[in-house]
Each structure stands twice: as structure tokens, then as C-alpha cells.
1. If you average 1/r across every pair of different Cα atoms in the range 226-290 and take the reciprocal, what Kirkwood value do you get, in Å?
2. Dividing the alpha-carbon Rg of the range 199-257 by 2.2 N^0.38 Å yields what?
3. Could you check the spin-label model distance between residue 431 and residue 463? Points 7 Å from the Cα along Cα→Cβ, value in nm.
4. Taking R0 as 30 Å, what's the FRET efficiency between residue 490 and residue 414 from their Cβ-Cβ distance, rounded to 0.05?
5. Quick one: length gained pulling residue 287 to residue 100 fully straight, 0.36 nm per residue minus the C-alpha distance?
6. Of 425, 96, 307, 324, how do they rank once you tally other Cβ atoms within 10 Å and put the fewest first?
7. Compute the Kirkwood hydrodynamic radius of the range 340-491, taking the inverse of the mean of 1/r over all pairs of distinct Cα atoms, and give it in Å to one decimal.
8. Using the number of other C-beta atoms within 10 angstrom as an exposure proxy, rank 313, 438 with the fewest first.
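All of the numbers you see were taken from the coordinates with simple rules; none came from a lab. This structure is a prediction, so every number in the text was calculated from the model and none was measured. We place every Cβ from the backbone using ideal geometry, glycine too, and count neighbours over all the protein chains shown.
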């Protein structure tokens, strides 16, 4: 029985030591199967007697505060007792349910494997921190699984209380951490291997499909050649004979090639849609651009060589762009312009825009020619091409204004002056032909269409006169020689600019 304040403090310290020893004994008993209740453990704690209470009431308030501080410091021990008791109850329930379903033995096998790996990794750190606890854990390691969350929370609180300057001085920068080599985990390595295998399979399938597309293209060329030679549709039997294979084999190769071609077009549809966006607004609909892209895919598939190590999608982009560019250049204008000239016009437009953005003024022809590497003649020829096409039915102004067609002359109708000149020219020509031989005048009239406007060849004239073509040529040459005399044709120079 303690009767002095100094002895009461000693008894409190002893009680705390006994409580700590009892908590450790409880862990051992739980590992060995001796399950004691939480209330038995609390009863074993030596509490101070009534004399100590009466003596401590006469002490100062400072001593009572120190005792409460000691009790507060040991609250973690009490929390561990409650926590371990709940774990034991939960463990008993789990083992009972596993025994009912007959999976208790499998659970022990899996648990023993997990504990062996966890014990080997944490053995060195636990041994240096507390050798006694490490020895106890090795003895009951088959049942108790220690949790490190408490230590993690404690270390996290300690780090948060540290000063920011000290933390920044100790912790490395993010740039330094990013330079450290990262080890690939098992899942990462597995994903990389799977993606590599998937890419390899895709490349192999693309190579196989391009080979079959080439095969179908060669067979179709054979059929086209047969139809061009015979002038009729080639039968399936003749097609197989020309290819040097059996009809059944030809049918199988055609069906498989058509299947590969259809699958190749479906797989590259997204790529065609992506590239077609660059050609919008140039006068061609998106459906026509998609169709041109598919034609480019087939052209690229016929020329693709998988042995060079390139991806099919990378190679076929060139042919898709080429097909779409040709479609835009040939059909985007009402007045068709050659492809080379259209490319030159686009090049000049880009050069003019670039020079304007650089210098802040419109460049002259010499600057554009030097920038594009073209001569002035080619530059002026490209500038003469109409960039804007209008309609004759478009009105000149607003509301009730006249149309362009009302002010545009019709060149197909002859003017009265032209009609009179044409009549006088025919009269002078007939008078001139009267000075020639009748056979010579007939040959010239048929040869140049002076009667009905239809020119005939030497063979046609020879068939009319029932003679050879060479004889008609000689007659023509003699007649033209007579008409080339200056004294004879001096009055016909006024009709040189008149169209017949």
C-alpha cells in the first residue's frame, strides 16, 4: 500500500509496466491459441488503492496533471488491446466459415506462402528496431500478420510537422527524380509484350492482305487482256487456262483476294477520313474524296513491299493523298486546267501569301519568280488562267438588273459584212477554178469541201473517180501549182482573215 506521493508515482509506473507486459503476453497467448478476453487483461492491471486516492487528493494540481499525461501516453496500448481483440474474433469467424465450406486447408496453404514472403522482407528491419519483438514474431509467424499502417501514419505525421525548408533541403527535386531509371513492373512488361505482339500480328496481316490484293490484280489483268484480244467477255474456263491454274483454284484465289481487299478498305477507312479533311472546301464532296482515297489504298496495296520494313499505313498515305489531289485538280474547276499548271498556280499563291506576311506588302513578279524558282514566262502564263468562274445568267446588279448574257455577243451568228464577203469569195474562187482543167477543178472542190463544206481524203476521191490514190495526188499538185501564180491569185488576198 503506497502512502506517499513519491511512492504513488512509483506504483503508477509499475502499473503501466505491468500493463505493457500483459499486452505482450496477450499477443503470445493469441499466437499459441490461449484466447483470453479483453476484460481479464484489464483486471490484471494493478490499480492504485483507496489510500493512494486520499493521499493524491491532498497533492498539488501539477502532480495530478502529470499523472493524466502518463495515462494519455498509454492510451495507444489500450487501443491496441481493443484492436487485437476484434481481430481475434474476426479471425475465429472467418476460420469457422472456411471450415464449413471445406476450404480451411487451402486457406492455410495460401496464408503460409504469403507469410513466408512478408517475413523474409521485413525481418531485417524489425530485428534492428526491436530484437525481442522480432524473436516473438518468428515464433508465432504462422498466425500473426503484423500491419505496418500504424508506423506509416506515425511517420507521415512526423514529416508533416517538419519545416518546409528542411523538407525541401532533404527531398530531391522532381527533375532529379524524373532522371532516375524506373524499373518496369511485371504488369508493365506484360503490357509491353502484348502490345508488341499485337503490332507484329497487325503488320503480318497487312502484308498477307496486300499480297492477296496483288494476286487478284494480276488475275484481273489477265482477264482484261483476253477480252481486249477476243473482243468479247472471257469465260471462266478460258480465264483459268490463261492463268495456268484450275478453275477451282482460280475461284478460291479470287474469293480470298476479294475478301482481303474488302477488309483492307475497311481497316483503312479511318485513315482516309482523317486525310480527307485537308481537302474540304475545294469543290469536291466528302463522298468523292473517300472514294478517291479507297482507290489510292488499292494502288498502294499493289505496290507495297513488306520486306522493306515499313508499315502499310505509313506507305499508303502517299497514294491516298495523290489520288485525292488528282481528283481535286481535275474536277474542282468548271474549266479544266492541266495538273502541272494547277500545281504551279497553287505554288504561286502560297509564295505570294508568304512574301506578303514577311514584308507587309504585295510582291512583284520578279520576287515571286525568284521565290518559286520559275521563269517570268511561266509565271505570267499561270497568272493568265482564270481563278474565278462566273455564270452568264448572273445579274450585273441587284433587283431587276440585266444579266451578263444580255450583253454578251453571240459569235456563232455572222454579221452582214461577213455574209457579203463570204459570197464574194465563193464567186471569185469559182471564176478562178474555171481557168483549170475540169478534172483538176473537181478534185480541188472535193478535196477542200468548196461545194458542201466536207473535206475528203485522197482515197475517197480515188474511189469516186475509180482510180488510184497516187493519180489523184498528182492532179492535186498540178492544180495547186497553177493557182500559186501571183498573176492569178492577186485578187484573193483580201479574204485571208475570213473564216470559211
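1. Values: mean 1/r = 0.0663 Å⁻¹.
Across the range 226-290, the inverse of the average 1/r is 15.1 Å.
2. On the way: Rg = 13.9 Å, N = 59, 2.2 N^0.38 = 10.4 Å.
Normalised by 2.2 N^0.38 Å, the Cα Rg of the range 199-257 equals 1.34.
3. It is 3.7 nm.
4. Details: r = 26 Å, r/R0 = 0.88.
Given R0 = 30 Å and the Cβ-Cβ separation, E is 0.70.
5. Additional length available on full extension: 60.5 nm.
6. Numbers: 425 15, 96 10, 307 6, 324 25.
Starting with the residue having the fewest Cβ neighbours, the order is 307, 96, 425, 324.
7. Values: mean 1/r = 0.0457 Å⁻¹.
Hydrodynamic radius (Kirkwood, Cα pairs) of the range 340-491 is 21.9 Å.
8. Details: 313 17, 438 9.
Lowest to highest Cβ neighbour count: 438, 313.
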